[in-house]
1. Considering B:Leu55, B:Leu40, which residue is within 14 Å of another protein chain (Cβ to nearest Cβ), among the aliphatic types (A, V, I, L, M) and within 15 Å of ligand 3 (Cβ to nearest atom)?
2. Yes or no: A:Val105 among the β-branched types (Val, Ile, Thr), under 30 Å from B:Ile173 (Cα atoms), crowded, with 20+ Cβ neighbours inside 10 Å and touching a helix residue (DSSP H, G or I) at 6+ places or on another chain (Cβ under 7 Å)?
3. Answer with yes or no whether B:Val87 is away from ligand 1 (no atom under 16 Å from the Cβ) and closer than 30 Å to B:Gln152 by Cα.
4. So, in region B:174-211, of the ones that are open to solvent by 30 Å² or more (accessible area, probe 1.4 Å) and within 14 Å of chain A (Cβ to nearest Cβ), which residue ends up farthest from the chain's Cα centre (by Cα)?
5. Return the residue satisfying two criteria in turn: it lies in region B:111-124 and is away from ligand 3 (no atom under 14 Å from the Cβ) and not hydrophobic (A, V, I, L, M, F, W, C), and of such residues it is surrounded by the most Cβ atoms within 10 Å (Cβ to Cβ).
6. In the set B:Ala97, B:Ala26, which member is closer than 25 Å to A:Glu180 by Cα and away from ligand 2 (no atom under 16 Å from the Cβ)?
7. Within region B:125-143, which residues are out of contact with any Ser or Thr (no Cβ under 7 Å at 6 or more places or on another chain) and either within 16 Å of ligand 2 (Cβ to nearest atom) or open to solvent by 40 Å² or more (accessible area, probe 1.4 Å) (or both)?
There are 2 protein chains.
Amino acid sequence: MSTLNALKQNCRKVICIGRNYADHIAELNNTRPKQPFFFLKPSSSILLPDHGPVLRPKGVSLHYEVELALVIGRTVRDLDERDEEGVLGAIESYLLAIDMTARNVQEEAKKKGLPWSIAKGFDTFLPISSVIPKTAIPDPHNVHLSLSVNDQVRQSDNTELMLFKIPRQIAEISKVMTLEKGDIVLTGTPKGVGSVEAGDVMKCGIKVDGKELQEGRIEVE
Amino acid sequence: MSTLNALKQNCRKVICIGRNYADHIAELNNTRPKQPFFFLKPSSSILLPDHGPVLRPKGVSLHYEVELALVIGRTVRDLDERDEEGVLGAIESYLLAIDMTARNVQEEAKKKGLPWSIAKGFDTFLPISSVIPKTAIPDPHNVHLSLSVNDQVRQSDNTELMLFKIPRQIAEISKVMTLEKGDIVLTGTPKGVGSVEAGDVMKCGIKVDGKELQEGRIEVE
Ligand SMILES: [Mg+2]
Ligand SMILES: [Mg+2]
Ligand SMILES: [Mg+2]
């Protein structure tokens with residue numbers, strides 16, 4: 001099995017931080033959370049590189065959200081965010097990922113107080129890049145994420161803008177649910193989310209010190 | 001690895017149907033859904049028999065919901081509910097399960113339009129029974145579920161009361177997310193949900209034709 005197939009096969013949960021960039025909260029008219037909140041995507045929604053396209057369910061307004069993702073390397077629970085070594089030691093590698101969202105389904109769920117699982121959980125709703133070795137990202141709070149649609153840049157921001165940093169995210173998640181090897185954490189999306197239509201091509205990239213990481217590229221229809 | 005350890009280890013998602021019994025909808029003042037909706041619990045929340053107690057996070061109003069659960073035996077997607085054979089053929093075995101819920105956390109999430117994942121996803125929030133062989137339940141829409149707290153019966157109803165039957169549930173889920181071997185589906189809870197305190201003992205049982213199934217017992221603090 002290829003590394004990427006194994007990644008999908010070994011992933012038992014995907015935990016996604018919501019509302020973690022101020023300008024993204026503003027663009028969707030959401031309120032800023034006092035503490036990190038998160039939701040689950042099923043591992044069945046993972047779309048491996050070159051396994052596209054993303055499938056748009058009928059009647060769905062399909063939005064992209066580019067995010068830095070963490071692959072967990074060991075079982076951790078009840079972590080303290082001040083234990084930076086413990087927290088960052090739990091990270092095995094990184095990915096770039098697109099948290100595809102059925103925005104109209106999500107908006108209706110929000111209005112009705114219903115779960116987000118359907119809006120976030122369709123097959124193909126989680127395109128990922130190849131695995132980015134941990135050593136390629138010396139500081140996950142200082143990388144530049146971008147997403148373009150048909151070569152027009154739509155999202156382009158630095159992870160330094162995260163409201164809750166990664167140690168806080170992992171600590172909060174681990175106080176609710178044990179994180180296990182193979183789990184994936186999505187760290188939130190910067191501003192610029194929007195919709196795509198059939199045939200549109202999304203390209204995502206991640207830069208460290210101005211240099212593009214080849215493993216971090218996503219190109220998907 | 002024991003069968004039950006393997007069950008937890010091989011489970012990649014747990015999909016739970018919400019509001020599937022009319023009297024339970026009424027008791028929580030919820031509105032009746034026009035179509036089945038569902039949410040995810042992480043497999044890390046599974047609590048195997050004799051691995052208790054259920055852990056109550058600080059400040060949480062901890063509610064029980066007894067439910068009939070299905071263990072999926074093969075990969076299925078886009079099933080048609082009228083294809084009863086295809087749907088029921090996807091079921092490998094049954095479990096009894098308690099969908100533990102941080103009710104106050106869920107109520108706040110509902111009010112704010114936030115996801116349910118935290119309210120539903122804490123470690124130990126999914127106590128399950130031993131595996132019930134498929135042959136032991138000739139008709140999953142005609143079994144009797146019960147839950148008692150300190151030997152006082154709190155939930156006691158027949159699965160014939162389900163608003164959406166199992167073929168409809170599996171079909172709807174499979175149109176959103178591919179179901180895979182080892183996935184678990186919770187089919188909703190009848191009326192009578194309520195809270196438990198530390199030290200309370202929950203016992204659950206399932207009867208077919210008035211006869212208790214030994215494999216289906218849960219006893220957990
Ligand atoms: Mg949810
Ligand atoms: Mg997101
Ligand atoms: Mg339930």
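The values are calculated or read from the model by the stated rules, or taken from the named source; none is laboratory data. From a predicted model like this one, the values you see are computed outputs, not experimental measurements. Cβ: placed from backbone, ideal geometry, glycine included. Neighbour counts: every protein chain shown. For accessibility, only protein heavy atoms count, side chains too; no ligands or nucleic acids. Shrake-Rupley method; radii C 1.70, N 1.55, O 1.52, S 1.80 Å.
1. On the way: B:Leu55 fails: within 15 Å of ligand 3 (Cβ to nearest atom).
Only one candidate passes the filter, namely B:Leu40.
2. Values: among the β-branched types (Val, Ile, Thr): yes; under 30 Å from B:Ile173 (Cα atoms): yes; crowded, with 20+ Cβ neighbours inside 10 Å: yes; touching a helix residue (DSSP H, G or I) at 6+ places or on another chain (Cβ under 7 Å): yes.
Judged against the criteria, A:Val105 is a match.
3. On the way: away from ligand 1 (no atom under 16 Å from the Cβ): yes; closer than 30 Å to B:Gln152 by Cα: no.
Against the criterion (away from ligand 1 (no atom under 16 Å from the Cβ) and closer than 30 Å to B:Gln152 by Cα), B:Val87 does not qualify.
4. The extreme case among them is B:Lys175.
5. By that ranking, first place goes to B:Pro115.
6. Working: B:Ala26 fails: closer than 25 Å to A:Glu180 by Cα.
Just one listed residue meets the conditions, B:Ala97.
7. As a first pass, look at region B:125-143 and keep what is out of contact with any Ser or Thr (no Cβ under 7 Å at 6 or more places or on another chain): B:127-130, B:135-139.
Residues satisfying the conditions are B:Ser130, B:Thr135, B:Pro138, B:Asp139.
Okay, residues lined up against (1) more than 16 Å from ligand 2 (Cβ to nearest atom); (2) open to solvent by 10 Å² or more (accessible area, probe 1.4 Å):
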{"site": "A:Lys41", "(1), (2)": "no, no"}
{"site": "A:Ser45", "(1), (2)": "no, no"}
{"site": "A:Leu48", "(1), (2)": "yes, yes"}
{"site": "A:His51", "(1), (2)": "yes, yes"}
{"site": "A:Arg56", "(1), (2)": "yes, yes"}
{"site": "A:His63", "(1), (2)": "no, yes"}
{"site": "A:Ala69", "(1), (2)": "no, no"}
{"site": "A:Ile72", "(1), (2)": "yes, no"}
{"site": "A:Arg77", "(1), (2)": "yes, yes"}
